[in-house]
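The structure appears below as C-alpha cells.
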Amino acid sequence: MFSAAGPPIPGGVVTFRGRRIVAVGDDRGAAGLEDLGNVALLPGLVNAHTHLEFSDLDRPLGQAGIRLDEWIRLLMDRRRSRANCHPEGTRRGLEECIRTGTTTLGEIAQPAWPVDAFEAATIQAVVFLELIAARAESVAPALALAEDHRQVRPSNRWLPGLGPHAPYTVRLELLDRVVALSAARRIPLAFHLAESREELELLATGTGPMADFLRGLETWDPGVAARATRPLDYLRRLAAADRVLVVHGNYLDGEEIAFLAQNQARMTVVYCPRTHAFFGHDHYPLSPMLAAGVPVCLGTDSRASSPDLSILAEMRAVSRKHPAVDPRIVLELATLCGAKALGLEREMGSLEQGKCADLAAVALPDWDSPDPYELLLDSELPVVTTWHNGEQVFPRPESR
Ligand SMILES: [Zn+2]
C-alpha cells in the first residue's frame, strides 16, 4: 500500500466505514478483510487538468510535434463541427477517469457545460468555467458568466472554479476582476501560462506564428497581448487570487520559478507530461521547480493532445522522463499535491484516517523488487478497482 502520507506498507490494510477511512496500517489479522491479491493500493488519483468535452476522440488532433497555434486551429474546427459543448464526450471522459483510478478532477468547462453528467458521476470535480474575452466589449459578459457559475448551488459532486483561459485570450481587466472574485469568494482559479515558445514571443513582441494565427480570428483584438510582457507579469497578478493552478508552465524561467516558490501556499503548477511530449516542447523544468519548492501536480489535459485520461500513465511518463525525481514525489504529484491545488487536501489525496475512502488498486507484476515503487511505475499494468467515498465505482459490483 502506498498511502502518500508515509513509506509504502507491504501487505497494507485500509479500513473504511461509510465514506471515511477509519484506519490505515498492516493489521492483517483483523476480521472482515477483503484480500485484493497482488495489487498496489493507492489514494484515488487526482487529475488536476482536463477538458472532458474532447474525450470521444480516439487520438490527439494533428501529428506529434504540431505547433500550438496549428493545433488550436484544429481544435476550433472540431468545436465548430458540432455543438459547442459535447455532453457525450464529457460523459465518456468521466467514465474513463473513474476506470483509470481518478477520484478527483479539475475540469475546464465551456459555458453550458453538462451539469447533469457531473451530478451523476461518482467522482469529485472542481469545474473551472472557461472565460475568454480578447475584446473590451466581451469582458462584461464573461464576468457575468463567472458570477453565474459561482452562484449555481453546487452539489457535493462538484465545486465551482474560474478558468480565465490564457494570456492571448483574456484581457487584463478581465483577469484582474476574476482574480479579485477568486479572492473574495475563496474559489480556485486555473490559467494556461507559458505553454509554448510562440506564446512567449507573442507576449514579448506581439509577433510570430501565434500572433499571425490570432490576427485571423474574428474575436481578436491586439489589445489583449502585445504589451512587452512575460509570464512573470501574469504570475504577479494571479498571486492575488485565493488559489491558482498555473496550467503547463512549460517555459517558466528561473525568476518565475522563484516567484512561484515564494507563493507556494496558493500557487501550484500543473504538469501535463504526455501532452508536453505530444507537442515536443523543451525538457520540462520539473527538477528546478521541485528543488525551488514549487508545488507541482499532474493533469492529462484533453484527449485532443493526450492518448488517454490515465493519471497512472502520466506518473509512469514522469518517472521515465525524470529518473532523478524520487518516486515517492511522483506519487505525491498525482495525489496529495493535486488535492492541495484544488483545495481538497483535508478530504482527499492520501490514505489517512478521517479522509474520504477514495482508493485505486493497480495490478502488480509477478516479479519482485526491493523497491516497491519500481513494481508500480516500471510496469504497464492497469488500475483494476476504484473506490470513491467508500463505494466501489469501478468495476461496478453488479457488472462483475
Ligand atoms: Zn488545458
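The values are calculated or read from the model by the stated rules, or taken from the named source; none is laboratory data. The shown structure was predicted, so the numbers you read here are calculated from the model rather than taken from an experiment. Cβ sites come from the backbone with ideal geometry, for glycine too, and all protein chains shown count toward neighbours. Note: areas computed on protein heavy atoms with side chains; ligands, DNA, RNA excluded. Shrake-Rupley method; radii C 1.70, N 1.55, O 1.52, S 1.80 Å.
Overview of values
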item	result
Sole residue being assigned by TED's automatic domain parsing to the domain that holds Tyr271, open to solvent by 10 Å² or more (accessible area, probe 1.4 Å) and at pLDDT 95 or above, chosen from Glu374, Glu347, Glu380, Glu332	Glu332
When residues of region 192-220 are limited to those that are touching a Leu at 6+ places or on another chain (Cβ under 9 Å) and assigned to a loop (DSSP other than H, G, I, E, B), the one nearest to the ligand (Cβ to nearest atom)	Glu195
Region 141-152 residues that are within 23 Å of Thr219 (Cα to Cα), paired with ones that are surrounded by fewer than 17 Cβ atoms within 10 Å (Cβ to Cβ) (beta carbon under 7 Å, 6 or more apart)	Leu145/Pro111
Index of the failed condition, Asp358 passing every other in (1) surrounded by fewer than 18 Cβ atoms within 10 Å (Cβ to Cβ); (2) under 20 Å from the mean Cα position of the chain (by Cα)	(1)
Flag for Leu364 being surrounded by 16 or more Cβ atoms within 10 Å (Cβ to Cβ), more than 30 Å from Phe191 (Cβ to Cβ) and among the aliphatic types (A, V, I, L, M)	yes
Residues of region 294-311 classified as under 19 Å from Pro60 (Cβ atoms) and buried (at least 21 other Cβ atoms within 10 Å of the Cβ), total	12
Residues of region 36-59 satisfying the condition of being crowded, with 18+ Cβ neighbours inside 10 Å, more than 16 Å from the ligand (Cβ to nearest atom) and among the small types (Gly, Ala, Ser)	Ala40, Gly44
Matching entry among Ala211, Ala194, Ala225 (being at positive phi and open to solvent by less than 10 Å² (accessible area, probe 1.4 Å))	Ala194
Looking only at region 234-287, and only at residues there that are of a type in the set (Phe, Trp, Tyr) and within 16 Å of the ligand (Cβ to nearest atom), the one that is nearest to the chain's Cα centre (by Cα)	Tyr271
Subset of region 15-35 (residues that are open to solvent by less than 60 Å² (accessible area, probe 1.4 Å) and over 18 Å from Lys355 (Cβ atoms))	Ala30
